[in-house]
Amino acid sequence: MPNFSISAGPIRITIRASISVSGDPQSSVRRRLVLRLAAAVGTVAAVAAVVATVVALVSVLGGGGGSHGGSRREAAFSPAVQRTGREPTGFVVTFRYRDPAATSVQLTGEWYFSSPGHTTTSSSQGLSPSQWKPGDFPIGWPNTSLMADGWPAVNMKIDRATGVWSYTSPLPSGDFNYGFLVNCPSAVGRDAGFTNCPELSDPSNPPWNDHRGINIGSVQTVSQVYVPSDPAFHTVNYSWQAPTHPRGALRDVTYPQNLGGSPTLQGFNRLAIYTPPGYNPRRSTPYPTLYLAAGGDGNELDWSTQADGGNILDNLIDRREVKPMVVVMTAFGVQDFCFQDDQSAYDQNLVSTVIPYVQSHYHVAKEQSERAFAGLDCGGAFAASLLVGYTHDFGYFGIMSPEPPMSAVSGAQAKAIERVGVLLGGGKQDPLHSDALQELASLQQARHTVFTDFVDGGHDWHVWRILLRDFLMRVAFKPARG
């Protein structure tokens, strides 16, 4: 029984034909049938090869998305990342959005750039992707190219025959958030939260919790695209941000919360939970746990989408640079949840409600040495608050771009802090950089050794992706340096 196989990328087609020829008087007829059958098989094989090749090409050209496990509606319109071998970066990305009825579509994304020598905590260059040069980094705040701080919005062009809007731009390496503005004023730009025109995620490259237009959990208004590095153009190797295999799993769950007795903060709240590839709820050793908090107006999805957390964890675990862990990402549905009373309510809810929920539903360790916490912006303030009050619950703290900074550390608190590991970092050009320096001074006055991690960048996800990787590789679940 001969086999005919055709392979193209991930596609493999096998055709089997059972043929026998005997020596009886009808053998000449059978031989003619065999020849006809062989010809038919050859035709089918040729057609199958063409189909497989087309499918494989679509898979390659549409494979630039950075989402972690989301559904892919209209996959043919997801970002197409293409190597060009030309300046400035060696790659271009084509973004597409299908809406024949739209009167205008704009693309917005994390691609204003600036060089370290031309950036301060109050201004940056606002360079376009075509102006990018080696050493430039993305920064949206501060930004002198807009009347309001933020990222650029550009007009897309429509193909009337297909109804597809498109825009092609070079981009350097790394993970970028982007979204669409549909039927908005022609010069809307990007203001604080698009109050006059809501940003939309890419329906062809949706967030992982978007299942054919139905969100399980909070709504995420941006999508992600990953661009590889071309060393010939001196782009940074951010391969640790790339989609990879095997992948961990992400789930959005609800739990009953109790935030300090406030009637406006009762009811159910959400968690996004990452479990590592091969998660085994019955393995002999429980998993360590990392708890993460986003900024004041963020939600439980931010770390796994905008921060690219799922892909970062998958890569670090696959490379054996960190051990497999469960990651719990928190959400609190109020803005500016940063003041001292709010921090206390967050701390109490986390320790008395969230941690017991996680321990009852996941195979995680209960020891302080197997539990870490990190946060950015308001989440950084939460990390600092937990650092001075809950060192018996967490062994490692990541304080990123904190707002507001922590107050002075008492003698008793300083002694407790000696037992834990701490990372403190942010963007060197962050307008809130002085708050991080104030926090560093408080910790140094307490005579605690802190792993400092200040990188070129502002108050944005480019910085926090790097800090998440560094916290996992240098501080979390490592012996304290104090």
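The values are calculated or read from the model by the stated rules, or taken from the named source; none is laboratory data. Since the structure is predicted, the reported quantities are computational estimates derived from the model, not experimental observations. Please note: Cβ atoms are built from the backbone with ideal geometry, for glycine as well, and neighbour counts cover all protein chains shown.
Every residue in the stretch 237-259 that is within 17 Å of Val81 (Cα to Cα) and either of a type in the set (A, V, I, L, M, F, W, C) or modelled with pLDDT under 95 (or both), please.
Across the stretch 237-259, the qualifying residue is only Ala242.
Scan the stretch 311-338 and report the pairs whose first residue is not assigned by TED's automatic domain parsing to the domain that holds Tyr274 and whose second residue is modelled with pLDDT under 95 and assigned to a helix (DSSP H, G or I), with Cβ atoms within less than 6 Å and a gap of 6+ or a chain change.
none
In the stretch 209-230, which residues are surrounded by 23 or more Cβ atoms within 10 Å (Cβ to Cβ) and more than 16 Å from Tyr178 (Cβ to Cβ)?
Asn209
Condition first: assigned by TED's automatic domain parsing to the domain that holds Phe137, assigned to a loop (DSSP other than H, G, I, E, B) and touching an Asp or Glu at 6+ places or on another chain (Cβ under 9 Å). Now tell me which residues in the stretch 212-241 satisfy that.
Ile216, Gly217, Ser218, Val219, Gln220, Thr221, Val222
Checking the condition of a type outside the set (Asp, Glu) and buried (at least 19 other Cβ atoms within 10 Å of the Cβ), which residue from Pro79, Pro116, Pro134 passes?
Working: Pro116 fails: buried (at least 19 other Cβ atoms within 10 Å of the Cβ); Pro134 fails: buried (at least 19 other Cβ atoms within 10 Å of the Cβ).
On inspection, the qualifying residue turns out to be Pro79.
Failed condition for Met400, given (1) over 14 Å from His459 (Cα atoms); (2) in contact (Cβ under 8 Å) with a residue 60 or more places away in the chain, with all others met?
In the conditions (1) over 14 Å from His459 (Cα atoms); (2) in contact (Cβ under 8 Å) with a residue 60 or more places away in the chain, Met400 misses (1) alone.
Residue by residue through the stretch 143-163, note down the ones that are of a type outside the set (S, T, N, Q), modelled with pLDDT of 95 or more and in contact with a Lys or Arg (Cβ under 8 Å, 6 or more places away or on another chain).
Matches in the stretch 143-163: Gly163 only.
Output the residues belonging to the stretch 195-226 that are hydrophobic (A, V, I, L, M, F, W, C) and in contact (Cβ under 8 Å) with a residue 12 or more places away in the chain.
Just the residues of the stretch 195-226 that are hydrophobic (A, V, I, L, M, F, W, C), to begin with: 197, 200, 208, 214, 216, 219, 222, 225.
Matches in the stretch 195-226: Cys197, Leu200, Trp208, Ile216, Val222, Val225.
Which number in (1) out of contact with any Leu (no Cβ under 7 Å at 6 or more places or on another chain); (2) of a type outside the set (S, T, N, Q); (3) within 25 Å of Gly426 (Cβ to Cβ) marks the one condition that Asp347 misses?
Exception for Asp347: condition (1).
For the stretch 80-142, which fully contained strands (runs of 3 or more DSSP E) count at least 1 residues that are at pLDDT 95 or above and within 25 Å of Gly427 (Cα to Cα)?
Qualifying strands (runs of 3 or more DSSP E): 105-109.
Identify the single condition in (1) out of contact with any helix residue (DSSP H, G or I) (no Cβ under 8 Å at 6 or more places or on another chain); (2) surrounded by fewer than 17 Cβ atoms within 10 Å (Cβ to Cβ) that Val475 does not satisfy, given that it satisfies every other one.
Among (1) out of contact with any helix residue (DSSP H, G or I) (no Cβ under 8 Å at 6 or more places or on another chain); (2) surrounded by fewer than 17 Cβ atoms within 10 Å (Cβ to Cβ), the lone unmet condition for Val475 is (2).
Considering only the stretch 278-299, I want to know if a residue exists there that is acidic (Asp, Glu), under 21 Å from Pro172 (Cα atoms) and either surrounded by fewer than 20 Cβ atoms within 10 Å (Cβ to Cβ) or assigned by TED's automatic domain parsing to the domain that holds Ser360 (or both).
no
Please determine whether any residue of the stretch 455-466 is free of Cβ contacts under 8 Å to residues at least 60 places away in the same chain, touching a Gly at 6+ places or on another chain (Cβ under 8 Å) and among the charged types (D, E, K, R).
The answer is no, given that none of the residues of the stretch 455-466 is free of Cβ contacts under 8 Å to residues at least 60 places away in the same chain, touching a Gly at 6+ places or on another chain (Cβ under 8 Å) and among the charged types (D, E, K, R).
If we keep just the residues of the stretch 433-471 that are assigned to a loop (DSSP other than H, G, I, E, B) and under 23 Å from the mean Cα position of the chain (by Cα), which is nearest to Pro402 (Cα to Cα)?
Keep residues of the stretch 433-471 that are assigned to a loop (DSSP other than H, G, I, E, B), which gives 446-450, 456-460.
Those still in the list that are under 23 Å from the mean Cα position of the chain (by Cα) too: 456-460.
Values: Asp456: 16, Gly457: 15, Gly458: 13, His459: 10, Asp460: 12 Å.
Filtering the stretch 433-471 for residues that are assigned to a loop (DSSP other than H, G, I, E, B) and under 23 Å from the mean Cα position of the chain (by Cα), the one nearest to Pro402 (Cα to Cα) comes out as His459.
(1) without any contact (Cβ under 8 Å) to a residue 60 or more places away in the chain; (2) surrounded by 21 or more Cβ atoms within 10 Å (Cβ to Cβ); (3) touching a helix residue (DSSP H, G or I) at 6+ places or on another chain (Cβ under 7 Å); (4) aliphatic (A, V, I, L, M): which one isn't true of Ala436, the others all being true?
All conditions are met except number (3).
Is it true that Gly267 is on the phi > 0 side of the Ramachandran plot, surrounded by fewer than 15 Cβ atoms within 10 Å (Cβ to Cβ) and either among the polar types (S, T, N, Q) or at pLDDT 95 or above (or both)?
no
Evaluate the following for Pro288: is it without any contact (Cβ under 8 Å) to a residue 12 or more places away in the chain and either within 27 Å of Ser239 (Cα to Cα) or out of contact with any His (no Cβ under 9 Å at 6 or more places or on another chain) (or both)? Let's see the steps before the verdict.
Working: without any contact (Cβ under 8 Å) to a residue 12 or more places away in the chain: no; either within 27 Å of Ser239 (Cα to Cα) or out of contact with any His (no Cβ under 9 Å at 6 or more places or on another chain) (or both): yes.
Judged against the criteria, Pro288 is not a match.
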